[in-house]
Every structure is written in C-alpha cells, then in structure tokens.
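Since the structure comes first, as structure tokens, the remarks are kept for the end.
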Amino acid sequence: MASETETGTEHTGVQIAHVEDSPIRQVTRRLVIAAAILLLTILLVWLDRDGYRDNADNDVTLLDAAYYSTVSLSTTGYGDIVPVTDGARLFNFAVITPLRVMFLIVLIGTTLEALTARSREEFRIRRWRSRVRQHVIVCGYGTKGRSAIRSLQANGTPLDQIVVVDPEPRAIDEANSVGLTGIVGDAGRTEVLRRASIERARAVIVAANRDDASVLITLTVRQLNPSVPITTSVREEENANLLRQSGADTVITTSATSGRLLGLSTDAPRVVAVVEDLVTGGQGLDLKQRRVTAGEVGLGPRQLRDIVLSVTRGGRTLRFDDPLIGTLQADDVLVVVKSHPNTGQPSGGAEGRAAAV
C-alpha cells in the first residue's frame, strides 16, 4: 500500500480483511447499469422519433436519438431536439424522467460510495487499533510465515489475534483473503511496527527470507518492546548467536535442522516421521507447553498421563530424566506430548512413551 492516497493524506498502511467488493468491481457494476439505462433510453426515443423535432433539419436519426438521450439523462438539455406531440411529452414525463433519475442516482451513488468507503475503512482501522492487544505479529508471509500461522491456529490463536507484516502488497492481499489483518511495509522500520501495535503484542515471529533482515527486524522489535518474546528463524547456523545477541528469545536454524533430518532419514526414517508429526499441529502427536495443575503437584514426571519432555523451574529448563526435577512443584512449566483429540489419547507412564515412539 502506498504511503499516500490519491487525496494526498497519509494512510495507516493497515489492511483489514473484509468481504466487500473491490472499488473497481463496484464502479464497473454501476457503469454497466448506467450504460443499460442509456441504451434503453436511446431505443425508446428512436421508436418514438416521430414525436420529436430537430430544430436543425426536422429529422430525428438514430444519432439524434443517442444525442438527445445523452443530454436528457445528464440534465444538460440544449433544447435543439424537443418532444412536440402530446404522446412524446407524456412519454418523457412517465418514462424518460424516471430513467433520468435512476441514471443520476447510479452516477452520484458511485461517487458517494467511493467517498464513504474510505471513511468506513478508516473507522474499521481505528476500531481495530483500539481493540487489538495480546496479539501475535508475524513478520513475513512466505512459506515459513504461513506455516507459523497455521500452527498458531492449530494451537487456538484466532485469526483476529494475528497480524501479518510484509513488504509485498500481494502477500498482504493473500493474508486478507484468509481473514488476517495485514500491514504492507518493512518490519525493520519503526513506523511499520508501530502500526502493528508492537507495544501491545504478546509475541513476535520473524520469518524473513534473509538473515540480515531477521537481525534488523529483531533489533527494531526489541527496541520498541523490550519484554515481548521474539522467535526468529535463521538460514545459517553461524548467524544464530547474532540473532540471540540482537534480542531473539528463540532462534530456529532452518538449514541445520533440515540437514539433520535429512541425515537421519537414511538410517532412522521413523524418527523423522515422529519429528514431523510432532511439529505438525492439529494432527497425530502435538507438542504442548502448560503449567503444572494442582493435582499434579508432588508427582514425578513419569506419573503424569501426558508424556513430559522437559520441566522449566526458576528459569532453568530440565530434561524429563534429570534427577534434579524430583517431584513437580506448583510453578513448574511443562513441555508435553499429547495426541490430537481426533487420534485418541496415549496411555500414561512408560507404556505410553513406548506406544508414542
């Protein structure tokens, strides 16, 4: 979206998904209706041409009928072609005048709709700005960004709580088509992130196509919101530390992860299948993060119905087999494996772990 509109006023750059027809389609539809009214008027005048007089030659041709219809519907009325018989004048009163009113309504309605459409859009954006909070900002709507959004949906994040930022208008149009709010612009720029209400976001996902862009976006996000969790992807493993130093809380190395899975696929294809199942939300096995419930306090990780992978306590993450865990405490945060509801729940304990693997 351009930074300025045709009227010269600055636009917010926010595009909210909606189902209204595009302005081009609306104008085209009205032009078709106006053309149909004009053609109908020309036909009616031509059929009743004997009731009209042309002051130039007293002969009303098809061209004269088109000319008269045009100036009559537009209320110009030069007076060089006029109805002279009672029938023609009655016909003008009963038929041509209503057609003229319809013609003007169509044209004026197009102008009014064009003027009010922008006002409605700005109202919707202002209302969105006043309500949006605790949302997730996804910087980049490429393959990684779309996959991240699908995972967010699978974990229960509604579409109206996801904001997409991408420099390509086509990408934002695509995001709007599935019900997402989009912002056209470079996520590495302060004003673009402020349009996305970065100060009220609960999380930011950086899914840029280049590592240098990911670093810039991460630095800008961290400057504007020092506490928001940032998850970013990086192509090269050597850039992972740079992303962490820039403020990223979680860094996913796409090339290294893909390479490890490719290497495992030759000797341990079932391991790869399970990993793919775990990272694919909404089916099979799902990874979940949750707090310990009151009924689980005092139990060991292996006694839970869910398969526990890690326990975070006091800011430190412990693996499920770490003896320091002991029994679960009230403030522990667990990462567990659960079956999607459609696939059934695995049994707990060691038997459940064996079945899951």
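Show me the strands (runs of 3 or more DSSP E) entirely contained within segment 242-343 in which 2 or more residues are charged (D, E, K, R) and free of Cβ contacts under 8 Å to residues at least 24 places away in the same chain.
On the way: elements: 250-253, 285-291, 307-313, 316-319, 333-339.
Here the list reads 316-319.
Quick check: anything in segment 74-87 under 49 Å from the mean Cα position of the chain (by Cα), free of Cβ contacts under 8 Å to residues at least 60 places away in the same chain and buried (at least 18 other Cβ atoms within 10 Å of the Cβ)? Can you show your working first?
Of the residues in segment 74-87, the ones under 49 Å from the mean Cα position of the chain (by Cα) are 74-76.
Still in the list and also free of Cβ contacts under 8 Å to residues at least 60 places away in the same chain: 74-76.
Filter once more, so that each one left must be buried (at least 18 other Cβ atoms within 10 Å of the Cβ): none.
Taking every residue of segment 74-87 in turn, none turns out to be under 49 Å from the mean Cα position of the chain (by Cα), free of Cβ contacts under 8 Å to residues at least 60 places away in the same chain and buried (at least 18 other Cβ atoms within 10 Å of the Cβ).
Within segment 12-22, identify whether any single residue is at pLDDT 85 or above and either over 30 Å from Leu159 (Cα atoms) or surrounded by 16 or more Cβ atoms within 10 Å (Cβ to Cβ) (or both), and answer yes or no. Even if it seems obvious, please write down each step before you answer.
Of the residues in segment 12-22, the ones at pLDDT 85 or above are none.
No; the residues of segment 12-22 include none that is at pLDDT 85 or above and either over 30 Å from Leu159 (Cα atoms) or surrounded by 16 or more Cβ atoms within 10 Å (Cβ to Cβ) (or both).
With respect to Ala273, determine if the residue is surrounded by 13 or more Cβ atoms within 10 Å (Cβ to Cβ) and of a type in the set (Gly, Ala, Ser). Step through it out loud before you land on a result.
Values: surrounded by 13 or more Cβ atoms within 10 Å (Cβ to Cβ): no; of a type in the set (Gly, Ala, Ser): yes.
No: the conditions fail for Ala273.
What number of residues in segment 31-73 are farther than 17 Å from Met102 by Cα, in contact (Cβ under 8 Å) with a residue 40 or more places away in the chain and small (Gly, Ala, Ser)?
Total meeting the criteria: 1.
Do the conditions hold for Ala34, that is, is it hydrophobic (A, V, I, L, M, F, W, C) and within 51 Å of the chain's Cα centre (by Cα)?
Numbers: hydrophobic (A, V, I, L, M, F, W, C): yes; within 51 Å of the chain's Cα centre (by Cα): yes.
Against the criterion (hydrophobic (A, V, I, L, M, F, W, C) and within 51 Å of the chain's Cα centre (by Cα)), Ala34 qualifies.
Would you pick out the residues in segment 95-112 that are within 15 Å of Ile37 (Cα to Cα) and without any contact (Cβ under 8 Å) to a residue 24 or more places away in the chain?
Hits for segment 95-112 are Thr97, Pro98, Val101, Ile105, Ile108.
Take segment 126-151 and flag every residue that is part of a helix (DSSP H, G or I) and in contact (Cβ under 8 Å) with a residue 40 or more places away in the chain.
In the first step, residues of segment 126-151 are kept if they are part of a helix (DSSP H, G or I); the result is 126-131, 143-151.
Trp128, Arg129, Lys144, Gly145, Ala148, Arg150, Ser151 - these are the residues of segment 126-151 that are part of a helix (DSSP H, G or I) and in contact (Cβ under 8 Å) with a residue 40 or more places away in the chain.
Quick one: count up the residues across segment 152-167 that are outside any strand (DSSP E or B) and either assigned by TED's automatic domain parsing to the domain that holds Gly284 or not hydroxyl-bearing (Ser, Thr, Tyr) (or both). Walk me through how you get there before you give the answer.
So in segment 152-167, the residues outside any strand (DSSP E or B) come out as 152-161, 167.
Filter once more, keeping what is either assigned by TED's automatic domain parsing to the domain that holds Gly284 or not hydroxyl-bearing (Ser, Thr, Tyr) (or both): 152-156, 158-161, 167.
Residues that pass the stated criteria total 10.
Out of the residues in segment 327-356 that are farther than 12 Å from Arg291 by Cα and either at pLDDT 90 or above or among the hydroxyl-bearing types (Ser, Thr, Tyr) (or both), state the one that is surrounded by the most Cβ atoms within 10 Å (Cβ to Cβ). Lay out the reasoning, then the answer.
If we filter segment 327-356 for residues that are farther than 12 Å from Arg291 by Cα, which is where we start, we get 327, 337-356.
Imposing the further condition that a residue be either at pLDDT 90 or above or among the hydroxyl-bearing types (Ser, Thr, Tyr) (or both) reduces the set to 327, 339, 343, 347.
Numbers: Thr327: 12, Ser339: 18, Thr343: 13, Ser347: 14.
Per the stated criteria, the residue is Ser339.
Could you list, in sequence order, all residues of segment 47-73 that are more than 26 Å from Ala35 (Cβ to Cβ) and surrounded by 15 or more Cβ atoms within 10 Å (Cβ to Cβ)?
Arg53
The values are calculated or read from the model by the stated rules, or taken from the named source; none is laboratory data. For clarity, every value in this text was computed on a predicted model and none was experimentally measured. Note that we place each Cβ from the backbone using ideal geometry, even for glycine, and neighbour counts take in every protein chain shown.
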